[in-house]
1. Among the listed residues LEU107, LEU74, LEU103, which satisfies the condition of being open to solvent by less than 70 Å² (accessible area, probe 1.4 Å), in a helix (DSSP H, G or I) and farther than 19 Å from HIS179 by Cβ?
2. Quick check on the stretch 77-89: of everything there that is in contact (Cβ under 8 Å) with a residue 24 or more places away in the chain and not in a loop (DSSP other than H, G, I, E, B), which residue is farthest from VAL143 (Cα to Cα)?
3. Quick check, is ARG127 over 27 Å from LYS196 (Cα atoms) and either at pLDDT 95 or above or of a type in the set (Phe, Trp, Tyr) (or both)?
4. Report the residue count in the stretch 17-63 for those that are surrounded by 11 or more Cβ atoms within 10 Å (Cβ to Cβ), assigned to a loop (DSSP other than H, G, I, E, B) and either more than 20 Å from the chain's Cα centre (by Cα) or of a type in the set (Lys, Arg) (or both).
5. Only one of these conditions is not met by ILE135: (1) open to solvent by 30 Å² or more (accessible area, probe 1.4 Å); (2) at pLDDT 90 or above; (3) not charged (D, E, K, R). Which number is it?
6. Could you count how many residues in the stretch 154-202 are open to solvent by 20 Å² or more (accessible area, probe 1.4 Å), of a type outside the set (Phe, Trp, Tyr) and not in a helix (DSSP H, G or I)?
7. Do we have GLU92 as in contact (Cβ under 8 Å) with a residue 60 or more places away in the chain and surrounded by 14 or more Cβ atoms within 10 Å (Cβ to Cβ) here?
8. Condition check: at pLDDT below 95, within 24 Å of LEU195 (Cβ to Cβ) and of a type in the set (Gly, Ala, Ser). Does SER144 satisfy that?
Amino acid sequence: MKLYGSFTSPYVRRVRVVAAELDIAVELVNTATEEGQAALRAVTPIWKVPVAEVEVPGGGRRVIFDSHVILDWLTGLHGFGPLRPPADPWRERNLSNAIDGALESGLQLAYLRRDGLPAEGNAFADRQRARIASIFGWLEREVSGGGFSPGGGLGLTELALITTLDWMTFRDVYKVAAHPALVAVRTAHEGRSSLKTTLPPA
């Protein structure tokens with residue numbers, strides 16, 4: 001699989017973790033470079049990572065946009081391997097969508113900082129932090145109610161949460177320590193090889 005994305009993107013990391021768990025070789029095209037950006041824009045009109053070029057059973061290749069679609073392709077074709085399959089797919093999609101909502105707000109805060117705009121003391125940034133806090137508060141209640149890891153394994157929902165928490169810590173856009181139940185989910189899986197080898201570079 002050829003994967004277009006950066007080493008720091010949490011969405012790209014999710015695909016890299018699942019590929020590692022399923023023992024699928026990945027050729028990463030680093031889109032943090034000018035050459036990588038040009039290659040990305042040659043294969044997708046939306047200029048967003050991750051994008052995957054995958055082999056189609058029976059021959060040929062296909063280009064797939066978006067981490068969720070790529071993960072559906074990988075698990076649909078190869079199964080979940082050592083990963084936990086979803087116990088309640090609709091509920092877990094809700095959890096993942098909420099996690100992505102928090103991540104989107106974190107990305108907005110990072111973009112403000114990258115573009116030299118104030119990420120403190122303005123109404124837009126305050127709304128993003130409040131949205132993250134609201135989502136994480138709800139997710140903490142879901143964790144306490146057994147919403148994650150019903151069988152104790154690493155599933156796509158836990159993966160979405162862990163990659164989001166790690167990225168927010170890496171970019172320092174939100175103090176995740178304020179949500180100990182969520183941090184505990186990350187801690188429970190932090191020794192897993194696929195997660196350790198895909199951490200954003202220090």
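The values are calculated or read from the model by the stated rules, or taken from the named source; none is laboratory data. Quick caveat, the model's predicted, so the values are computed rather than measured. All Cβ positions, glycine included, derive from the backbone under ideal geometry; neighbour counts span all protein chains shown. Surface accessibility is based on the protein's heavy atoms, side chains included, excluding ligands, DNA and RNA. Shrake-Rupley method; radii C 1.70, N 1.55, O 1.52, S 1.80 Å.
1. Exactly one residue qualifies, and that residue is LEU74.
2. Among those that are in contact (Cβ under 8 Å) with a residue 24 or more places away in the chain and not in a loop (DSSP other than H, G, I, E, B), it is HIS78.
3. Details: over 27 Å from LYS196 (Cα atoms): yes; either at pLDDT 95 or above or of a type in the set (Phe, Trp, Tyr) (or both): yes.
Yes; evaluated as a whole, the condition is true for this residue.
4. Residues meeting the conditions: 2.
5. All conditions pass for ILE135, except number (1).
6. 10
7. Yes.
8. Values: at pLDDT below 95: yes; within 24 Å of LEU195 (Cβ to Cβ): yes; of a type in the set (Gly, Ala, Ser): yes.
Against the criterion (at pLDDT below 95, within 24 Å of LEU195 (Cβ to Cβ) and of a type in the set (Gly, Ala, Ser)), SER144 qualifies.
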